[in-house]
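**Q** Following this message is one structure expressed as structure tokens.
Each reported figure results from applying straightforward, stated rules to the coordinates on display, with no laboratory input. All of these numbers come straight from a predicted model, not from anything done at the bench. When we count neighbours, we look across all protein chains shown, and the Cβ atoms used for this are built from the backbone with ideal geometry, even at glycine.
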Amino acid sequence: MPKILLVEDNEMNRDMLSRRLMRRGYEVEMATDGLEGVTMAVAGTYDLVLMDMSLPGIDGWEATRRLRQAPETTTLPIIALTAHAMAGDRERALEAGCSDYDTKPVEFDRLLGKITALLSGGA
Amino acid sequence: MSLSNPVAELRHDLRTPVNHIVGYAEMLLEDLELPTHASEKAALEQTVTAARQALEVISLVLAPTRNSVTVTELTELYAKLAEPQRRIIEMVEGLLGATGEEPTPTFAEDLRRILAAAGRLVPREEPAKPVGAAEPISTEDAGKGRLLVVDDEPGNRDLLRRRLEREGYTVLTAAGGREALDVVGRESVDIVLLDVLMPEMDGLAVLDHLKSAAATRDLPVIMISALDDLAAIARCIEQGAEDYLPKPFEPAILRARIAATMQKKRWRDQEREQLRALGYVTAAASAVEAGAYKPGLLADVARRTDAIGRLARVMDRMAAHVHQRESRLQERLGRLRDEVGVARASIETSEVAEGPNLRSGERFAGRYEVVSVLGRGGMGTVYRARDLELDDDVAIKTLRPELLSDELSRERFKDEIRLARRISHRNVVRTHDFGESGGVWYLTMEYVEGITVRDLLDSRGRLEVAAALALGMQLAESLAVAHEVGVIHRDIKPQNLLLDPDGVLKVMDFGIARLSERSTGLTEAGLIIGTPAYMSPEQITGEPVDQRSDLYAAGAVLYECLTGRAPVDAPNMVSLFARVLSEEPVAPSTLVPDVPPAVDDLVLQLLAKHPDDRVQYAVVLLERLQAVG
């Protein structure tokens, strides 16, 4: 089953998203800040990363840039999750190296669609 | 978080709990089996609907295109959110209250998460709390500072609280003036953020209260006011408000003003703390002067790691040292007093009524009544007399006429007496007047009831080391004050040193030896002052003398006090002179084994033939004597 890394500092968001993903059959591992996320992503074997962009320490933007620079994760699909919903966020996310982008609160079915598309389409 | 747009921050704050509500509710819905859980499904669907309504309201009011929001808008937003919030809570509480088997193992737990998220959405209608229930909302990072937000407007209060907590402050809130005063009286607060316009008790009245009470006078107050109310702002600043924040809040300004005010307060607190510590140190200094300092009194201040702490530690050490020396001196003085007491008892006091110039009962110089002869010396005779004018005992020293035969020597002597009169010290016999009456030149001095060190040594042989040190210290002190005003004694010897019954040493004849200076030396044998045993080599050879000559004499006196013998002795004057110039005295300890090595060294150093090899100053001698353990 595909393995997803969820990088999210909010405990409730982590709990909720991971549970909903797991009941759809995904294997989910979690990191609580940017640095942990980068470390786990580089060292592990994930099929996709869900990255919250507002993280303590190094934020999602920086974490994504670092993942793109590391050879192990250059092509790893990353979906950015932002709470901003600001105009231009999508462009910013893609520019930082994200494969796709979604806003919080998560429309779960929409997110699921994006995950499925990235995983089946290949990176 | 690196969000900088306040609207985006607030939007994020409000959407997060809604996000949780939707997420958990949807997840639970997926697990429900129909038709068994139809009612649960309906309730959860309503929950999701209510949450989505809330999201719409948030997105509408806090649109991504906006950078600021007014208080009115915010108040309206909260009012609009209150309704979906109420519905969500009602639904979820209903589900939680229902009996029967749980649809999923974590059903109740997840419902409680939804409830918690709903509770965080909007500050809920605050039920009437007891006055001052403004509890610290966050205790995290209390180190950054504690702020009290005073505003009657719940929305405004909440906005400020959230933002300040985000900055890391601990935030207390109060809904009115009286509550604010109560909180300030009870809690530790660093800065008060005070709304100007409030019902009942407005910001100005609160400010007035705070600034008129000593305990809160220095508490910084930042006024919150609409920008157009400049008159009110000016009035507040006149009354002592530190600063003001215009509404709507500009986050950068809010952050800067609070941080600056906090920094100023810290500095002021620090300054006050330093002043307090410094106050302790100066009080301790006064105590040291008054002899009331007890070592350890500065312990609290001495623990500080700054310069004041160091000052306190140094002070304490010095004071302890002084204390130790003082008690040592007292102990030594006690010994000297005992020696004096014993000597006095054995000395026969034979009163001589008549001297070469004056006789007992005679009225002299119009105001003195002669009592008796106290002693005779190379310079003249000393009488005890009564100053009838002042009704006080005095000593009168009549001077040998040949010493003052010409005007020049009289003028020089007057200069010397003028100088000597400047010495005021308990170890120096005070000189009063110089004059002439009936062809007799005379000096009047303080009368000291006591014996000379000569009498003491003749009676006791030698002194205990402690008593000798007490004498030496007092002698050094008297020389130190005299040398400081430029007076050299030139004739320190046991006959010139008086001891009163308390063991207090009084040095006589400061300045008088100057009279004989022109005639000092070997050529005019009749005018040799004192005993050559105490004269420095340079004095004997007629070279210029300075304060080090007095120090030689002090060494000779100390030597004799310790050993009972003059450092250099000879059967006649001529060989004595020769020996003073060439012979090294033996160490006192070879004669009296009790004498400690430090005293041995010191005395021998004082008796060095060349002035450069001696202790150079009387204050140094005093230091070294005090230091002898």
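**Q** Counting only DSSP beta bridges with both residues in the protein assembly as shown, what percent are antiparallel, rounded to the nearest 5?
**A** 50 percent
**Q** Also, quick follow-up: Using Cα atoms only, what is the angle between the long axis of helix B:203-212 and the major principal axis of chain B, expressed in degrees (0 to 90) to the nearest 10?
**A** On a 0 to 90 degree scale, this one is about 20.
**Q** Of the cross-linked pairs B:397/B:506; B:294/B:506; A:104/B:144; B:211/B:265, which ones have a Cα-Cα span greater than 20 Å in the structure shown?
**A** Listed pairs above 20 Å: B:294/B:506; A:104/B:144.
**Q** Go through the stretch B:103-108 residue by residue and turn each phi into a ³J(HN,Hα) via Karplus (6.51, -1.76, 1.60, θ = phi - 60°); whole Hz please, and just put x for glycine and proline.
**A** x, 10, x, 10, 3, 5
**Q** Quick check on the stretch B:451-627: take the gyration tensor over C-alpha atoms, sort the square-rooted eigenvalues as a ≥ b ≥ c, and tell me if it's rounded (a/c under 1.5), prolate or oblate.
**A** Because its axes are fairly even, with a/c under 1.5, the stretch B:451-627 counts as rounded.
**Q** For chain B, give me the percentage of DSSP beta bridges that are antiparallel, rounded to the nearest 5 percent.
**A** Here the share of antiparallel DSSP bridges comes out near 65 percent.
**Q** Want the number for residue B:623 to residue B:484: 0.36 nm per residue separation, take away the alpha-carbon distance, what's left?
**A** Gain on extension, residue B:623 to residue B:484, equals 48.5 nm.
**Q** Scattering from the C-alpha atoms of chain B alone, worked out with Debye: what is log10 I(q)/I(0) at q = 0.08 1/Å?
**A** Log10 I(q)/I(0), no solvent term: -0.71.
**Q** Amide H neighbours of residue B:244 under 5 Å, at least 5 residues apart or on other chains, H built in the peptide plane: list them.
**A** Counting only residues 5 or more places away or on other chains, the set is B:223.
**Q** Shifting gears a bit: Using just the C-alpha positions of chain A as equal point scatterers, what log10 of I(q)/I(0) does the Debye formula give at each q in 0.21, 0.22 1/Å?
**A** The Cα Debye sum returns log10 ratios of -1.26, -1.42.
**Q** Round to a whole angstrom and tell me the spacing of the C-alpha centers of the stretch B:142-169 and the stretch B:44-83.
**A** Centre-to-centre (Cα) distance: 21 Å.
**Q** Continuing with this model, one more query. Evaluate the relative contact order of the stretch B:242-345 (contact order divided by residue number), counting alpha-carbon pairs under 8 angstrom at least 6 apart; express in whole percent.
**A** Answer for the stretch B:242-345 is 17 percent.
**Q** Given the rule -39500 (n - 2.57) for each run of at least 4 DSSP H residues, summed and divided by the residues of the protein assembly as shown, what is its mean residue ellipticity at 222 nm, to the nearest 500 deg cm²/dmol?
**A** One gets -16000 deg cm²/dmol as the mean residue ellipticity at 222 nm.
**Q** Moving to a separate point now. Between residue B:96 and residue B:197, what is the label-point separation in nm under the 7 Å Cα-to-beta-carbon projection?
**A** 3.9 nm
**Q** If a paramagnetic tag sat 7 Å from the Cα of residue B:65 along the Cα-Cβ line, which residues of the stretch B:234-258 would have the backbone N under 17 Å from that point?
**A** none
**Q** Same structure, new question: Set the Förster radius R0 to 60 Å, insert the Cβ-Cβ distance between residue B:321 and residue A:75 as r into 1/(1 + (r/R0)^6), and round the FRET efficiency to 0.05.
**A** 0.15
**Q** In addition: Fully extended, how many nm does the chain gain between residue B:569 and residue B:329 (0.36 nm per residue separation, minus their Cα-Cα distance)?
**A** That pair, residue B:569 and residue B:329, stretches by 83.3 nm at full extension.
**Q** Calculate the FRET efficiency for residue A:24 and residue B:104 from the Cβ-Cβ distance with a Förster distance of 22 Å, rounded to the nearest 0.05.
**A** 0.85
**Q** Right, another one. With everything on Cα atoms, drop me the angle between helix B:597-606 and the longest principal axis of chain B, reported from 0 to 90° to the nearest 10.
**A** Tilt relative to chain B: about 60 degrees.
**Q** I would also like to ask the following. Tell me the label-point distance for the pair residue A:107, residue B:268, using the 7 Å Cα-to-Cβ offset, in nm and rounded to one decimal.
**A** A separation of 5.5 nm, rounded to one decimal place.
**Q** Based on the alpha carbons, how large is the Rg to Rh ratio for the protein assembly as shown when Rh follows Kirkwood?
**A** So for the protein assembly as shown, dividing Rg by the Kirkwood Rh gives 1.37.
**Q** Follow-up. State, as an integer percentage, the relative contact order of the stretch B:363-446 based on alpha-carbon contacts under 8 Å between residues 6 or more apart.
**A** This gives 25 percent for the stretch B:363-446.
**Q** Distance between Cα centroids, the stretch A:45-106 to the stretch B:397-411: provide it in whole Å.
**A** After rounding, the separation between the Cα centres reads 110 Å.
**Q** Here's something else I'd like to know. Helix B:407-420 versus the longest principal axis of chain B: what is the Cα-based angle in degrees, 0 to 90, to the nearest 10?
**A** Its long axis makes an angle of about 30 degrees.
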